[in-house]
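The values are calculated or read from the model by the stated rules, or taken from the named source; none is laboratory data. Quick caveat: nothing in here was measured; it's all calculated off a predicted structure. Cβ: placed from backbone, ideal geometry, glycine included. Neighbour counts: every protein chain shown. Ligands, DNA and RNA are excluded from the accessible area calculation, which covers all protein heavy atoms including side chains. Shrake-Rupley method; radii C 1.70, N 1.55, O 1.52, S 1.80 Å.
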Amino acid sequence: MLEQSFDCVAVPLPHSFRDGVEEAVLELPRPSIVIQPPADPFGASNESWESIPWNQDPHQPENSDEDLESNAISYVPVDPCQGVIMAIRAAMGEHVPREYIDLESNHFRPYATVMPDPFAVRHVSPERFAAAVLPSITRPPDRQTEDRMVHMAQRLIELEQRYDNILFVTSLLHWPWIREAYSELSSNTSSSSRSEAAATIELPEHEEVATPVRHAVEDRTLMFLFGELPFITSLYERARSELEDDDDLQIDGVKELLIAARQSYLQEFGNQARKVTQHHLSKCLQYIRNLSLIHRRLTPDLITIVTAAQQILGDQFALHVAELANQYQYAEGAIEQDELDEVTLGIDQARLPNGDIVSLVSRLPSPPMTWCTVKLQRRPSRYEQSRWKYKWNPHSQCSYPPEDDRIENFRTRVFERARAIVGNDLARTEKFTTSVKDGIDIRDTLRHWYEHQIYVKVVPPSRGTLDACVMLFDSPADPRDYPWRSTWFAEHKQESTLALYATNFQDEMVGPGIGCSIYGGAMFLYPPVDIPDVWTDPRLDYTETLEERLIAAACMYSSGRQIALVSSLPPGGGWRRLARRYKKQLIHVPLGSFSDEQVQQLRRVHVLNGQEVRSYAETFIRKV
């Protein structure tokens, strides 16, 4: 449109929408909606009773379904990515006259169908795209749509008398029939007078209509106004304001959406969030592409993007994707004029400011939208969290069994790693005689190659038992970050006696009677034994830090000589002297030798307010 000069831009909207639409266009990128309420129906109530059959209720129309459809209110979505709105916006910017040439109709009947993905136009010439689509377009199914086509064709003929170059922006679905009517009217007009042409093709007349009203749209329902995702629509507006290239923004916007969701996800969960690497995002984009092709689409819709994010990166990441996809950066707008009444949109319906729910039909229809279901564990509101916190019973606590199994399995792996480390410290090499013992020692064999001898490794069996393990996930730990300190006893023989320090679980309530806490450190005694509360035992008051208290408790109550210590750094001299005080030895297992994603998941512990909560805890616990 900007590459050529036009004297006029014709749009398929009635003249009654002109003022409301152009006022809304001036406030873009702030979105709004122009709704035309039905005209005053009192003129239709003076019908004669004789025209109503005796067996029909005068208050119940005969064709109730059709009447319900005809009672739908028409509207124009002022969407920055809508083609007609963009044409009006560009024409107003270039001071090109605009002509609204559609027929005034009180009860608008839409004419729309499922069309190919418009993204194909970027890679296929418009001529080839039109040639592929036009044969499948059917004639208008109702008289009103035919009258609209004829009226727009007649208006184009009239505009030819005033303008030389006219740009007509319309739907590909309407163009064949407007062109057909235009050709017939043009041939009749050239061969006869105007009255004879009107007699050959009956020209429709305008209906009495009400004045359209402009409304603001509730932010969380902009999804139903825009043809694109609100997040991608805001990217188009950003590219327009910063003069950036937006040719492939419909696809690149999905990548920006995933990157923004990663930032939001990491901001919420911090260190407890799973790592979202470039490999994960690449797999997610590949999943989106494949799922879109399965659905026979070139560009993904919201349900495709959220489903792919859920399958690759989990519910919580998918939740951030869904929330960000519905965020429009320019919802408030920079121009603050008179406050508009706000409407709440749905699929083909809206709640008006007075509370009435009405059916809507768009005069600029976008691709059809349907409801789809995807199951995500939602984030509780602040009101729900405060209510659950208020109802917490301080005299009842228990753990969540699936998390118990995971942490016990991890404790078993730590014991195995610690035993292997102890065995490696006692290993020695000797010359091969009659047995390879625990395997050939390649290093010593090469070192003594000049002797032409083979050296084998001898790993003696580990002595003693490992029954205590200390895991320090955050060291040095700030006591103000971990105010909850407790000692839990085993419910059965497969569980350990556990002493821990963690964040306050009541600060993050995830469900009724369910709190979430983050481990700072923990001590495990297995097989379980009955011990006093580690945090109130006066024999441990000489320790200064949380870590020292757990290490001292493990040394005090362990029956073995070795204590497995999991931490990011090796134990210092102070911790080793503390262990020697109890004649113990600390076996360091590096925390970095385990998967960071697994460690972060293990650190999240859910505290239940009684064993009865276990029956429904799975419904509320969010998996990071």
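Tabulated values for the structure
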quantity	calculated
Every pair of residues 6+ apart whose Cβ atoms lie under 6 Å, when the first sits in the stretch 612-624 and is under 22 Å from GLU597 (Cβ atoms) while the second is aliphatic (A, V, I, L, M) and open to solvent by 20 Å² or more (accessible area, probe 1.4 Å)	none
Test set (1) modelled with pLDDT under 90; (2) part of a loop (DSSP other than H, G, I, E, B) - TYR450 fails condition number	(2)
Conditions (1) assigned to a helix (DSSP H, G or I); (2) modelled with pLDDT under 90; (3) more than 16 Å from the chain's Cα centre (by Cα); number of the one not met by LEU293	(2)
Index of the failed condition, VAL306 passing every other in (1) on the phi < 0 side of the Ramachandran plot; (2) open to solvent by 20 Å² or more (accessible area, probe 1.4 Å)	(2)
Residue under evaluation GLN598, criteria (1) of a type outside the set (Asp, Glu); (2) over 25 Å from PRO479 (Cβ atoms); (3) touching a helix residue (DSSP H, G or I) at 6+ places or on another chain (Cβ under 8 Å); (4) modelled with pLDDT of 90 or more, criterion not met	(4)
Residue in the stretch 369-384 that is part of a helix (DSSP H, G or I) and open to solvent by less than 40 Å² (accessible area, probe 1.4 Å) present	yes
Residue, farthest from the chain's Cα centre (by Cα), within the stretch 470-528, restricted to residues that are aliphatic (A, V, I, L, M) and part of a loop (DSSP other than H, G, I, E, B)	ALA490
Single match in LEU472, LEU446 (criterion: of a type in the set (A, V, I, L, M, F, W, C) and farther than 23 Å from ILE587 by Cβ)	LEU446
Contacts under 6 angstrom Cβ, first residue in the stretch 581-592 being under 16 Å from GLY423 (Cβ atoms) and open to solvent by 60 Å² or more (accessible area, probe 1.4 Å), partner in a strand (DSSP E or B) and not charged (D, E, K, R), 6 or more apart	GLN585/GLN562
Scan of the stretch 156-170 for residues that are in a helix (DSSP H, G or I) and either among the acidic types (Asp, Glu) or surrounded by fewer than 19 Cβ atoms within 10 Å (Cβ to Cβ) (or both), ordered by number	ILE157, GLU158, LEU159, GLU160
Long-range neighbours under 7 Å by Cβ, at least six apart or interchain, first residue within 23 Å of ASN409 (Cα to Cα) within the stretch 527-538, second part of a helix (DSSP H, G or I)	VAL529/TYR557; ILE531/TYR557
Unique match (being among the basic types (Lys, Arg), farther than 17 Å from VAL599 by Cα and surrounded by 17 or more Cβ atoms within 10 Å (Cβ to Cβ)) among ARG447, ARG419	ARG419
Condition broken by SER567, with the remaining ones in (1) small (Gly, Ala, Ser); (2) open to solvent by 10 Å² or more (accessible area, probe 1.4 Å); (3) touching a residue at least 60 places away in the same chain (Cβ under 8 Å) satisfied	(2)
Helices (runs of 4 or more DSSP H) lying entirely in the stretch 535-624 (those with 1 or more residues that are farther than 20 Å from THR503 by Cβ and touching a Lys or Arg at 6+ places or on another chain (Cβ under 7 Å))	546-557
Pairs where the first residue, in the stretch 385-399, is outside any helix (DSSP H, G or I) and the second is among the aliphatic types (A, V, I, L, M) and open to solvent by 80 Å² or more (accessible area, probe 1.4 Å), C-beta under 6 Å, 6+ apart	none
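Rundown of residues vs (1) in a helix (DSSP H, G or I); (2) open to solvent by less than 60 Å² (accessible area, probe 1.4 Å); (3) at pLDDT 90 or above, yes/no style:
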residue: GLU228; (1), (2), (3): no, yes, no
residue: GLU268; (1), (2), (3): yes, no, no
residue: HIS280; (1), (2), (3): yes, yes, yes
residue: ARG289; (1), (2), (3): yes, no, yes
